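Enquirer: Take a look at the following structure, please.
The values are calculated or read from the model by the stated rules, or taken from the named source; none is laboratory data. Quick caveat: nothing in here was measured; it's all calculated off a predicted structure. All Cβ positions, glycine included, derive from the backbone under ideal geometry; neighbour counts span all protein chains shown. For the accessible areas, the whole protein counts, side chains as well, though only heavy atoms, and no ligand, DNA or RNA atoms are used. Shrake-Rupley method; radii C 1.70, N 1.55, O 1.52, S 1.80 Å.
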Amino acid sequence: MKLEKVILRQIRMPLVHFFETSFGRTTARDIILVEVLAGGVSGWGEVTAGENPFYNEEWTASAWLILRDYVAPPVLGRNLESAQDVAPLVAHIRGHQMARGGLEAAVWDLEARQAGRPLWQHIGGGARREIPCGVSIGIQDSVPQLLDKIERELAEGYQRIKIKIKPGWDVDVVRQVRERFPGIKLMADANSAYTLADAEHLRRLDDFYLMMIEQPLSHDDIIDHAQLQSRLQTPICLDECIRSAHHAEQAIRLRACGIINIKLGRVGGFREARRLHDVAQAAGIPVWCGGMLEAGVGRAHNVALATLPNFVLPGDVSASKRYWARDIISPPVETTAQGTIAVRDEPGFGYELDHEFIRRITVREESIA
Ligand code: OSB
Ligand code: MG
């Protein structure tokens with residue numbers, strides 16, 4: 001396979017509801033779609049960087065430049081044995097996993113389409129026909145609003161509720177959620193809002209038998225998480241600080257976590273995501289698929305990823321309608337009454353692109369050949 005062209009498109013999509021984390025509120029997404037072309041076939045990927053460098057160091061504008069100037073050039077025109085070859089060609093770039101992962105995932109999709117196979121099969125997944133879904137609920141303006149939202153998501157069938165926490169919106173909020181919903185699978189995600197000095201405060205969360213607490217400490221820390229984990233009963237789940245399989249090995253060796261959230265973009269694409277998955281599986285550490293408020297392309301890639309065997313916990317991949325009035329794929333991603341997404345058997349990521357809609361919401365486009 002030889003890539004003849006890479007097309008970058010930046011689309012703008014308002015969210016149906018704002019999404020607030022400890023690092024800020026998002027009301028609309030600026031998303032880069034990566035189309036790769038070879039032999040008359042196109043593959044598509046989505047860059048999961050946010051609009052600002054607040055989740056990690058990447059953001060939409062940086063990802064565009066890295067893709068144009070550093071990721072696409074070494075891959076274009078090169079003879080690729082397989083999609084496996086993409087990540088090594090851009091491994092010399094420091095950081096910027098989301099930019100690299102957007103193109104890498106597009107090549108996996110392209111290769112799956114050329115082979116006429118669904119992407120889930122092409123990456124070696126297929127451990128399940130339906131992936132279990134949870135929802136991530138952002139910080140709300142009030143606790144009654146949060147309780148209302150949780151009630152509606154449970155009525156939709158979602159299997160697990162994740163709430164965002166930060167100092168001032170944590171123990172008391174979790175207590176009220178627990179009182180109202182004593183039996184649900186519940187977890188909290190801090191997005192790095194605390195330090196080890198908050199350990200005693202975070203220990204109070206042990207009273208609420210959470211499934212896990214996600215990334216309580218710094219985005220680039222593993223060692224303090226190990227210290228914290230030794231003082232908590234609640235398992236720690238790492239997100240931000242695990243950018244490679246090697247980081248996962250180190251975190252597991254240090255007992256810094258009991259669970260890992262895998263995000264395709266955060267680790268630079270399918271090759272590294274699979275390696276990380278295998279490392280965790282060998283160590284008996286369960287994983288689940290995280291989300292980055294993706295549009296349909298990224299969402300469909302996540303569904304494929306979550307069919308790998310060790311994705312045994314409900315993830316953050318949920319229905320398109322929770323985010324978008326209209327998604328860029330057809331049909332949109334939908335959930336069953338049991339809170340699952342059925343895996344599709346069409347070639348590639350399994351959904352049709354709504355090209356006409358993508359054209360309408362494209363704010364910039366650039367071809368690299
Ligand atoms: O930490 O998992 C996170 C969204 C943006 C940035 C970081 C995170 C999230 C989510 C939302 O929790 C997951 C989703 O619904 O896509
Ligand atoms: Mg998280």
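Enquirer: Among helices (runs of 4 or more DSSP H) lying entirely in the range 59-157, which contain 1 or more residues that are within 16 Å of ligand 2 (Cβ to nearest atom)?
Expert: Hits in the range 59-157: 97-114.
Enquirer: Now, a different point. What is the one condition in (1) open to solvent by 30 Å² or more (accessible area, probe 1.4 Å); (2) of a type outside the set (S, T, N, Q); (3) within 19 Å of the chain's Cα centre (by Cα) that ARG94 does not satisfy?
Expert: Of everything listed in (1) open to solvent by 30 Å² or more (accessible area, probe 1.4 Å); (2) of a type outside the set (S, T, N, Q); (3) within 19 Å of the chain's Cα centre (by Cα), ARG94 misses just condition (3).
Enquirer: Return the total of residues in the range 226-247 being within 16 Å of ligand 2 (Cβ to nearest atom) and under 27 Å from ALA295 (Cα atoms).
Expert: 7
Enquirer: Being within 16 Å of ligand 1 (Cβ to nearest atom), crowded, with 21+ Cβ neighbours inside 10 Å, within 30 Å of ASP85 (Cα to Cα) and not assigned by TED's automatic domain parsing to the domain that holds ALA304 narrows it down to one of ILE31, ILE11, so name that one.
Expert: Exactly one residue qualifies, and that residue is ILE31.
Enquirer: Within the group GLU365, GLU346, GLU356, which residue is in a helix (DSSP H, G or I), open to solvent by 10 Å² or more (accessible area, probe 1.4 Å) and out of contact with any helix residue (DSSP H, G or I) (no Cβ under 8 Å at 6 or more places or on another chain)?
Expert: On inspection, the qualifying residue turns out to be GLU356.
Enquirer: Moving to a separate point now. Restricting to the range 265-296, what's the tally of residues that are within 14 Å of ligand 2 (Cβ to nearest atom), of a type in the set (A, V, I, L, M) and crowded, with 24+ Cβ neighbours inside 10 Å?
Expert: Looking only at that region, the number is 2.
Enquirer: If I ask for residues that are open to solvent by 20 Å² or more (accessible area, probe 1.4 Å) and more than 10 Å from ligand 1 (Cβ to nearest atom), which ones from the range 36-58 would you list?
Expert: Answer for the range 36-58, where residues must be open to solvent by 20 Å² or more (accessible area, probe 1.4 Å) and more than 10 Å from ligand 1 (Cβ to nearest atom): LEU37, GLY39, GLY40, VAL41, SER42, GLU51, ASN52, PRO53, GLU57.
Enquirer: Do you know which residues across the range 207-221 are within 20 Å of ASN261 (Cβ to Cβ) and either charged (D, E, K, R) or crowded, with 20+ Cβ neighbours inside 10 Å (or both)?
Expert: Once the filter is applied, which keeps residues that are within 20 Å of ASN261 (Cβ to Cβ) and either charged (D, E, K, R) or crowded, with 20+ Cβ neighbours inside 10 Å (or both), the range 207-221 yields LEU210, MET211, MET212, ILE213, GLU214, GLN215, PRO216, LEU217, ASP220, ASP221.
Enquirer: Taking the range 159-172 as the search range and keeping residues that are more than 14 Å from ligand 2 (Cβ to nearest atom) and farther than 28 Å from ILE131 by Cβ, which one is surrounded by the most Cβ atoms within 10 Å (Cβ to Cβ)?
Expert: Ranking the candidates gives ASP170 first.
Enquirer: May I ask you to verify whether MET187 is open to solvent by 30 Å² or more (accessible area, probe 1.4 Å) and touching a strand residue (DSSP E or B) at 6+ places or on another chain (Cβ under 6 Å)?
Expert: Spelling it out, it is not the case that MET187 is open to solvent by 30 Å² or more (accessible area, probe 1.4 Å) and touching a strand residue (DSSP E or B) at 6+ places or on another chain (Cβ under 6 Å).
Enquirer: Can you pull out every residue in the range 133-158 that is open to solvent by 10 Å² or more (accessible area, probe 1.4 Å) and of a type in the set (Gly, Ala, Ser)?
Expert: Hits for the range 133-158 are SER136, SER142, ALA155, GLY157.
Rundown of residues vs (1) farther than 23 Å from ARG152 by Cα; (2) assigned to a loop (DSSP other than H, G, I, E, B); (3) not acidic (Asp, Glu), yes/no style:
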position: TRP288; (1), (2), (3): no, no, yes
position: GLY291; (1), (2), (3): no, yes, yes
position: ALA300; (1), (2), (3): yes, no, yes
position: VAL317; (1), (2), (3): no, yes, yes
position: TRP324; (1), (2), (3): no, yes, yes
position: ASP327; (1), (2), (3): no, yes, no
position: GLU334; (1), (2), (3): no, yes, no
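Enquirer: For the range 244-264, enumerate the residues that are in a loop (DSSP other than H, G, I, E, B), open to solvent by 20 Å² or more (accessible area, probe 1.4 Å) and closer than 23 Å to PRO314 by Cβ.
Expert: GLY258
Enquirer: ALA256 - would you say it is within 16 Å of ligand 1 (Cβ to nearest atom) and in contact with a helix residue (DSSP H, G or I) (Cβ under 9 Å, 6 or more places away or on another chain)?
Expert: Judged against the criteria, ALA256 is not a match.
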